[in-house]
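Read through the structure below, which is laid out as structure tokens, and then see the notes.
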Amino acid sequence: GWFGDKLTAQFPTMPTYLLVFLFPLATPTMLVRFLMRFEIAVVFAVVISAFAVLAIQAPLHYFALAFVISLVGAHVMRDVKRRSQVLRGGLIVGLAAMTSAYVLMMLVQKETNADIIYTPIAGFIGGVLSGMLVLGLAPIFENLMGYMTDISLLELANYENPLLRRISHYASGTFHHSIAISSLAEAAAEAIGANALLVRVGALYHDLGKSLNPRYFVENQLGDNPHDKQKTPRDSAKIIKAHVIDGAKLARENKLPERIIDFIEQHHGTRMIAYFLDRAQKAEAAGGAPVVEADYRYPGPKPQTRETAILMICDVIEARSRTITDRDEAKVRAMIDEMIQRLVDEGELNESPLHIGDLPRISQALTEVIIGMHHNRIAYPDQKKFSQLRN
């Protein structure tokens, strides 16, 4: 074939099959598996193996060996969480290619001692090169195609990330609120088979905009509420909903991936800012300015994915869970079901691919986490003493 002729012309003293093993054949399949599902990678392995065989017009057993190497490449990229695992995967692919090379030597009738030595070495080098190439190419494909690997997500989840440090520094209450929601959202995602790591990271960044005006959000207030002294209900609602718009803008300025920005923009959907709407309606009833409901509605869009829908659910439930004192499982579950049904009735989940059957599983998972987060503690002797002193 044309490709085989070119290889032979460039390396006239080396057998074609040795060059094939030296070539990082598993790279495309490893890269596809790194960015997408295993099933897609298997299909890609078949295509790449067939192409390799046709390119050099090799015997059929070359296809089987190439497919095995590619399949091993897809397997080692499963659940990769650290960059070192990619290099280790390349070593495993190299060992698989080395073994395949020995099999080939047994199939070839006129092998020489040099073939028996160098072809397995070439296979090992090709496997290692595959891992190195995947490590270098993955960030490029992530940026070009909008994919996010687990490695990238874990890097974003590092609390040393400048944006997370900004939230922690300027809006510590929001930061702890986000951590609590990330635990809830991860459990809910696991319950329905959604991307748990993605939703956990999205939860950490969803309230990024609050770091710009932290004192206007209740979790960051220390007694004083600037809304009571300075703002009309309409002005307050404008500040509250601005945390979505400003958060997305700040995230884009800092090159946060669009899949994470989706959580910022969609976690409130088009819901009403009910507290200030109620205040405005009472003021209107007392002779104040007419209320325009659009002024009290978040800009949206509504959640477009299962993960952003889960975050919306967890956001409203985490806030409501702070107001209940009875941790009876049935009552907690009833509260969660009520809040989820409210979102359903408002139509906020209509544009997400969540199924009606997902909601009971999400509710059960959130019930277990909330009960665990707010479990009772025994009163230690020193606590009893301080309690008596206060009384």
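The values are calculated or read from the model by the stated rules, or taken from the named source; none is laboratory data. Bear in mind the structure is a predicted one, so any value in this text is a computation, not a measurement. All Cβ positions, glycine included, derive from the backbone under ideal geometry; neighbour counts span all protein chains shown. When the accessible area is computed, the model is the full protein with side chains, heavy atoms only, and any ligands, DNA or RNA have been set aside. Shrake-Rupley method; radii C 1.70, N 1.55, O 1.52, S 1.80 Å.
When the residues of the stretch 30-85 are narrowed to those that are buried (at least 17 other Cβ atoms within 10 Å of the Cβ) and hydroxyl-bearing (S, T, Y), which ends up farthest from E155 (Cα to Cα)? Per the criteria, the residue is Y62. Applying the set (1) in a helix (DSSP H, G or I); (2) more than 20 Å from S70 (Cβ to Cβ) to A194 leaves exactly one unmet item: (1). Can you find even one residue in the stretch 228-239 that is at pLDDT 95 or above, small (G, A, S) and surrounded by 15 or more Cβ atoms within 10 Å (Cβ to Cβ)? There is no residue in the stretch 228-239 that is at pLDDT 95 or above, small (G, A, S) and surrounded by 15 or more Cβ atoms within 10 Å (Cβ to Cβ). The set of residues in the stretch 142-165 being assigned to a helix (DSSP H, G or I) and open to solvent by 70 Å² or more (accessible area, probe 1.4 Å) consists of N143, L144, M145, E155, P162, R165.
Kindly indicate the residue of the stretch 325-360 that is farther than 23 Å from A274 by Cα, part of a helix (DSSP H, G or I) and at pLDDT 95 or above and also most open to solvent (accessible area, probe 1.4 Å) among those meeting that condition. Among residues in the stretch 325-360 that are farther than 23 Å from A274 by Cα, part of a helix (DSSP H, G or I) and at pLDDT 95 or above, the one most open to solvent (accessible area, probe 1.4 Å) is P360. Against the definition (among the basic types (K, R), assigned to a helix (DSSP H, G or I) and surrounded by fewer than 22 Cβ atoms within 10 Å (Cβ to Cβ)), how does R200 come out, yes or no? The answer is no for R200. With respect to the conditions (1) modelled with pLDDT under 85; (2) of a type outside the set (A, V, I, L, M, F, W, C); (3) touching a helix residue (DSSP H, G or I) at 6+ places or on another chain (Cβ under 9 Å), T27 falls short on a single one, namely (1). Can you say whether T308 is of a type in the set (S, T, Y) and open to solvent by 40 Å² or more (accessible area, probe 1.4 Å), as far as the supplied structure shows? No, not satisfied. The number of residues in the stretch 226-263 that are touching a residue at least 60 places away in the same chain (Cβ under 8 Å) and under 22 Å from M148 (Cβ atoms) comes to 10. Here K302 fits the description: under 30 Å from the mean Cα position of the chain (by Cα), within 30 Å of A191 (Cα to Cα), open to solvent by less than 50 Å² (accessible area, probe 1.4 Å) and in contact (Cβ under 8 Å) with a residue 24 or more places away in the chain.
Each row is one residue, and each column tells you yes or no for (1) more than 17 Å from Y275 (Cα to Cα); (2) part of a helix (DSSP H, G or I).
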{"residue": "R215", "(1), (2)": "no, yes"}
{"residue": "G223", "(1), (2)": "yes, no"}
{"residue": "S236", "(1), (2)": "no, yes"}
{"residue": "I239", "(1), (2)": "no, yes"}
{"residue": "A242", "(1), (2)": "no, yes"}
{"residue": "D246", "(1), (2)": "yes, yes"}
{"residue": "K249", "(1), (2)": "yes, yes"}
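Taken as a whole, the stretch 264-272 holds at least one residue that is at pLDDT 95 or above, open to solvent by 20 Å² or more (accessible area, probe 1.4 Å) and in contact with a Ser or Thr (Cβ under 9 Å, 6 or more places away or on another chain).
Filtering the stretch 274-315 to residues that are at pLDDT 95 or above and hydrophobic (A, V, I, L, M, F, W, C) leaves A309, I310, L311, M312, I313, C314.
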